[in-house]
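Quick notes on the structure that follows.
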Amino acid sequence: MTLLTSIVFAQNDVVGEAPDDTLVVRQDLPKNAECFSKGLEAKYNENYDVAIANFEQALRFYNDDDASMYELSELYQLKGRSTEAFSMIKQASNLQPDNKWYKIRLAQFYMQNSDYQSFMDIYDKLLDDEPENMEYLEAYIEMLLRIGDYDKVIEKLDVIEEQVGNNEYLSLQKIEIYKDQGKHDKMVEELEHLVSFMPDNTRYLAMLAEAYRMVKRDKDAYQIYLQIKELEPENKYINVSLMDYYQSVGELDKAFDEFIAAIRNKNLDYETKAQIYEFWFQKIDNKNSEAANEAEAAGLAFIETHPDKSLGYYILGTVRYNNEQYEDAKSYYLQALEREKSNFVTIYQLSMVFIELQDYQNLIEHTAYAISLYPEQPLFYLFSGIGYFNLKDYDNTISILEKGRKLSANKELTANFDTYIGDTYNLLGNREKSYEAYDRVLRANPDNIYVLNNYAYYLSLDNKDLERALQMSAKTIKAEPKNATYLDTYAWVLYKLERYQEAKKYMDKVFKYDKNPQGVNYEHLGDILFKMGDTKNAVKNWKKAKKAGGEVSEFLERKIKDEQLYE
């Protein structure tokens, strides 16, 4: 460094011949060295203000102390004194124009000041001295890329490659530039060059294969994929690449084999496997009889490779659910929840299983757990309400449904809440509350035939708004003209309107379309026949109603005994 050179010069000089100012410099050099040493110590201890003071003092003892200037440039920059920092490194670099560390720091300041040409002038010189220095090259290339001078980057890379020979970094830089420029043919050419001197590097082979796919050279890509598989049979991405290739050329059997191999590949991460599972069953046309078998195989592969993860058990649970094997579905879903206790989709599916199994007690317990995890999710309140409803716990049904309804922002879901609320209030004997709920449903969807039917039937039982009831019931049989339940309601409303011949006509349709009529159907037909004066057949149907059972009126026994109509 200049400081050491000056000290040596001072020691070897002839003192008697030196002018007075030189003697002053000689006298101050020890003080300069002492301050510099203290400055370094303070800097290493992160006492930056003390360090700055010492380096500044060192410069006062020796004005051309480039080492102190270099240190001050860094410290000034740390303290936000950028202008002074820049001045210091320029002075240091002027004093020692061949010092590469000074050049590098000065170049950084030029970059910060957007003086890109000065930056590149410095690095041109640095690279002239050390053409194989990758750090210099990376900084230089980064600057050229920043200013968008891609052609110059390629030109510079070619020159350097001539000097140093085949180089991985140089090729990768060219490939990235060609990709950004959309010069795919040039990108392929450079990748082929890279692979030519690194033929066993499967990463670069994979890049070449993808480039071939990009330029529609699929057969060439396929050959590369096979080469990768031979070099590295458990390469974590090779099965995915081959799956995609086989799918693109329509060889779905081979694609599926690679799909399963990818799931079993222990080097491929679980998240990617989950993504390709979604891809396979959503994007690929597998809507055929093999879909369930493929899902089964995928689920088993997941359980085999990742027994601690939930996805395999969820897949098999869903296969069983779709096959209406609800007990098996329940078992797999429970195993999935053991591994991922808060998975929303699994919790939802298990709720559906309990509904299908009519296991309402477990449904209530399960949905209580679901609500504890997702208290703002209205769907689980609906499922819980269904459980209480079927267990005939109507007070809890209303309570839980009203809570869930307040959370619902979906019109269709809200209608489901109101439908159950309406049915429950009816069973509690509160017809007005029941009608209010049904009215809310019909305001949202005037063609909800389930509610139209129930509403019409209950109005007929109350002998209330019978014409409106008839209009509502008419909509249901127009929508489903062979539905025995809706036909029975329509006939009953006609009966209440004393239109007995028409009522008989629609009751006949009930027995035409329903081969297993309910007790209520026989009782209604008997009531209609009695009003038409056919007591014998009326009693005969009442007796059939008693035998069939189900929801019959409290007067049925008296009707049969007295052969009279009671309402």
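The values are calculated or read from the model by the stated rules, or taken from the named source; none is laboratory data. Given the structure is predicted, the values throughout are model-derived calculations rather than measurements. Note that we place each Cβ from the backbone using ideal geometry, even for glycine, and neighbour counts take in every protein chain shown.
Against the condition over 53 Å from the mean Cα position of the chain (by Cα), surrounded by 15 or more Cβ atoms within 10 Å (Cβ to Cβ), at pLDDT 95 or above and under 24 Å from Lys433 (Cβ atoms), how does Lys540 come out, does it pass?
no
In the list Glu278, Glu376, Glu304, Glu327, which residue meets the criterion of being among the acidic types (Asp, Glu), under 30 Å from Thr419 (Cβ atoms) and part of a helix (DSSP H, G or I)?
Result: Glu327 is the single residue among Glu278, Glu376, Glu304, Glu327 that is among the acidic types (Asp, Glu), under 30 Å from Thr419 (Cβ atoms) and part of a helix (DSSP H, G or I).
Can you tell me which of Leu565, Leu529 is out of contact with any Phe, Trp or Tyr (no Cβ under 8 Å at 6 or more places or on another chain), over 16 Å from Tyr457 (Cβ atoms) and either assigned to a helix (DSSP H, G or I) or hydrophobic (A, V, I, L, M, F, W, C) (or both)?
Testing whether each residue is out of contact with any Phe, Trp or Tyr (no Cβ under 8 Å at 6 or more places or on another chain), over 16 Å from Tyr457 (Cβ atoms) and either assigned to a helix (DSSP H, G or I) or hydrophobic (A, V, I, L, M, F, W, C) (or both) leaves just Leu529.
Which residue pairs have Cβ atoms closer than 6 Å, lie 6 or more positions apart in sequence or on different chains, and pair a first residue in the range 139-155 that is in a loop (DSSP other than H, G, I, E, B) with a second residue that is of a type outside the set (Asp, Glu)?
The qualifying pairs are Ile147/Tyr116.
Which members of the range 64-94 meet the condition of being among the polar types (S, T, N, Q) and either closer than 24 Å to Ala33 by Cβ or surrounded by 21 or more Cβ atoms within 10 Å (Cβ to Cβ) (or both)?
Hits for the range 64-94 are Ser68, Ser73, Ser87, Gln91, Ser93, Asn94.
Looking only at the range 322-381, count every residue that is small (Gly, Ala, Ser) and farther than 25 Å from Asp308 by Cβ and tell me the total.
1
How many residues are assigned to a helix (DSSP H, G or I) and over 21 Å from Glu365 (Cβ atoms) when one looks only at the range 380-416?
Number satisfying all stated conditions: 8.
Out of (1) under 25 Å from Ile315 (Cβ atoms); (2) assigned to a helix (DSSP H, G or I); (3) modelled with pLDDT of 90 or more; (4) not β-branched (Val, Ile, Thr), the odd one out for Gln227 is which?
Going through (1) under 25 Å from Ile315 (Cβ atoms); (2) assigned to a helix (DSSP H, G or I); (3) modelled with pLDDT of 90 or more; (4) not β-branched (Val, Ile, Thr) one by one, Gln227 breaks only (1).
Are any residues in the range 517-533 over 15 Å from Lys505 (Cα atoms) and surrounded by fewer than 16 Cβ atoms within 10 Å (Cβ to Cβ), and if so, which ones?
Hit for the range 517-533 is Gly533, nothing else.
State which residue pairs qualify: first residue part of a helix (DSSP H, G or I) and modelled with pLDDT of 90 or more and inside the range 178-204, second residue surrounded by 15 or more Cβ atoms within 10 Å (Cβ to Cβ) and of a type in the set (Asp, Glu) in any location, beta carbons under 6 Å apart, and separation of 6 or more residues or different chains.
Thr202/Glu232
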